Amino acid sequence: LRKIVFVDENYKTIILAGSGTLAMETSTTNFIKSGEKVLVVSNGYFGDRMIELLSKYPVKVDVLKAEELGSRVETEKILEKLDEGGYSLITVTHVDTSTGVKQELKSLGKEVRKHHDETLLVVDGVCSVAGEELYMKDWGIDILFTGSQKALGVPPGLAILWLSPKAMEKLKETKSAYAPYYMDLNRWIKVMEAYEELKPSYFATPAVNLIMALNKSLKLILEEGMERRFGRHKILSKAFRAGVKSIGLNVMAKNEDYAASTVTAIHLPQNIEVQQFLAEMQRRNVIVAGGPYPNINYFRVGHMGPVNANDILATMGAIERSLHKLGIPIELGKGLSETQNILANEGK
């Protein structure tokens, strides 16, 4: 687990049985004290969830939100807010699954480490770990969390966290005072340390079947190599977005710099209902998802984990045929051709 986020043995890894939301709450509540200020950066649904979550605890929650869905809060604006001082935590969603928008982290993390040493940088990596470039130590990330079901390619049910030495020092200070019993990292760290020494330990029953699946997936990921894996995700997502745009659809991410390599959110023509479209896709043996914003006519496509060029082409073809079936006047094969051209030119 340390290898896929580029950290050494001084960083702790924690695996809990639970969802990404469990990881979200565990990664924050263990590190707060009453009355502290926290800053939440939100580019979509899951950034907003962090706001809701932290608002249940005795901390002052300040918020920076993207001006519109599909955009993001720029690093300069975040740093200006941090310059007001006094923040114990800043939380950022690396890729918000609801919008397919990727937050810039590299310069943000380095600036936080350089100028705001009192602040822990917490990163939601649920939709980015093992798919997007992410160098936890070099980028100055203190707490990173993910779930098993996205780019790791494991069934849902594991909440995974990485903690920096700085985060561990803060944990000694807070003593997990506001963490719910099951999420108390002081208990889990002892268990994980025992496991690493191949010694038995117990706090709560682990999801052994999912741990075995994770072990298998990590072997496959490291066999591919992280840099090669990042490159594959970049090329596949670039080709897919180009194909989608070529048939007249609009991607939610406002520009390529904002667009994630792991998931793309796509606006549908207004005269097409999402459920109609999803049903047509399913008839063509391709499953895509709607979005968590019921008032926005859009769908989402995940292109992460073991996804390959054939998967992208099959999905692009199904999108074209589904839209054509629903009466949208598109040139069949145009999206496929554009996708193929980029895949060929990029050598995949």
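I'd like to verify a number: residues in segment 150-166 that are touching a residue at least 60 places away in the same chain (Cβ under 8 Å) and more than 24 Å from His116 (Cβ to Cβ), how many?
Narrowing segment 150-166 to residues touching a residue at least 60 places away in the same chain (Cβ under 8 Å): 150-154, 156-165.
Still in the running and more than 24 Å from His116 (Cβ to Cβ): 150-154, 156-160.
Residues meeting the conditions: 10.
Across segment 30-59, what is the total count of residues that are more than 25 Å from Pro292 (Cα to Cα) and either of a type in the set (S, T, N, Q) or out of contact with any helix residue (DSSP H, G or I) (no Cβ under 7 Å at 6 or more places or on another chain) (or both)?
Final tally of qualifying residues: 7.
Could you list all residues from segment 257-270 that are surrounded by fewer than 17 Cβ atoms within 10 Å (Cβ to Cβ) and more than 20 Å from Lys334 (Cβ to Cβ)? Write out each step before concluding.
The first filter runs over segment 257-270 and keeps only residues surrounded by fewer than 17 Cβ atoms within 10 Å (Cβ to Cβ), leaving 257, 267, 269-270.
Result: Asp257, Gln270.
Can you name the residue in segment 224-250 that is β-branched (Val, Ile, Thr) and surrounded by fewer than 21 Cβ atoms within 10 Å (Cβ to Cβ) and is also nearest to Gly317 (Cα to Cα) among such residues? Steps first, please.
Quick first cut of segment 224-250, residues β-branched (Val, Ile, Thr) only: 235, 244, 247.
From what's left, surrounded by fewer than 21 Cβ atoms within 10 Å (Cβ to Cβ): 235, 247.
Working: Ile235: 18, Ile247: 11 Å.
Taking the candidates together, the pick is Ile247.
Give me a count of the residues in segment 16-31 that are under 17 Å from the mean Cα position of the chain (by Cα) and not acidic (Asp, Glu).
From segment 16-31, those under 17 Å from the mean Cα position of the chain (by Cα) are 18-28; that's our starting set.
Next, only the ones that are not acidic (Asp, Glu) stay: 18-24, 26-28.
The qualifying residues number 10.
Cβ-Cβ below 9 Å, separation at least six or inter-chain, first residue in segment 194-209 and over 23 Å from Gln149 (Cβ atoms), second assigned to a helix (DSSP H, G or I) and acidic (Asp, Glu): which pairs?
Lys199/Glu193; Ser201/Glu193
Which pairs do you get when a residue that is within 14 Å of Lys245 (Cα to Cα), found in segment 322-348, comes within reach of a residue that is in a loop (DSSP other than H, G, I, E, B) and at pLDDT 95 or above, reach meaning Cβ atoms under 6 angstrom, with the pair 6+ apart or on two chains?
Ile330/Ile247; Lys334/Ile247; Gly335/Ile247
Go through segment 19-36 and give me each residue that's acidic (Asp, Glu) and either in a loop (DSSP other than H, G, I, E, B) or not assigned by TED's automatic domain parsing to the domain that holds Asp184 (or both). Spell out how you get there, then give the answer.
To start, the set of residues in segment 19-36 that are acidic (Asp, Glu) comprises 25, 36.
Across segment 19-36, the qualifying residue is only Glu36.
Taking the conditions exactly as written (farther than 29 Å from Ser88 by Cα and in contact with a Cys (Cβ under 8 Å, 6 or more places away or on another chain)), does Val263 satisfy them or not? Break it down stepwise before answering.
Working: farther than 29 Å from Ser88 by Cα: yes; in contact with a Cys (Cβ under 8 Å, 6 or more places away or on another chain): yes.
Here the answer is yes, as Val263 does meet what is asked.
Is it the case that Gly248 is farther than 24 Å from Asn308 by Cβ and of a type in the set (Gly, Ala, Ser)? Spell out the reasoning first.
Details: farther than 24 Å from Asn308 by Cβ: yes; of a type in the set (Gly, Ala, Ser): yes.
It is true that Gly248 is farther than 24 Å from Asn308 by Cβ and of a type in the set (Gly, Ala, Ser).
Of the residues in segment 68-105, how many are surrounded by fewer than 24 Cβ atoms within 10 Å (Cβ to Cβ) and among the polar types (S, T, N, Q)?
3
Output the number of residues of segment 167-186 satisfying the condition of being over 11 Å from Lys12 (Cβ atoms) and either buried (at least 17 other Cβ atoms within 10 Å of the Cβ) or outside the structural domain of Leu120 (by TED's automatic domain parsing) (or both).
Qualifying residue count for the region: 7.
List the number of the failed condition for Ala309; all other conditions in (1) more than 19 Å from Lys245 (Cβ to Cβ); (2) under 24 Å from the mean Cα position of the chain (by Cα); (3) among the aliphatic types (A, V, I, L, M) hold.
Only one criterion is unmet by Ala309, namely (1).
Condition check ((1) closer than 26 Å to Met168 by Cβ; (2) of a type in the set (Ser, Thr, Tyr); (3) not assigned by TED's automatic domain parsing to the domain that holds Trp139) across all residues:
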residue	(1), (2), (3)
Tyr57	yes, yes, no
Glu76	no, no, no
Asp117	yes, no, no
Asp124	yes, no, no
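Please specify each residue of segment 107-144 satisfying the condition of being in a loop (DSSP other than H, G, I, E, B), among the aliphatic types (A, V, I, L, M) and farther than 18 Å from Asp8 by Cα.
Residues of segment 107-144 in a loop (DSSP other than H, G, I, E, B): 116-119, 125-142.
This time we only want the ones that are among the aliphatic types (A, V, I, L, M), so: 126, 129-130, 134, 136, 141.
Passing the criteria: only Val126.
The values are calculated or read from the model by the stated rules, or taken from the named source; none is laboratory data. If you're wondering where the values come from, they're calculated on a predicted model, not measured in any experiment. A quick note on method: Cβ atoms are made from the backbone with ideal geometry, for glycine too, and the neighbour counts reach across all protein chains shown.
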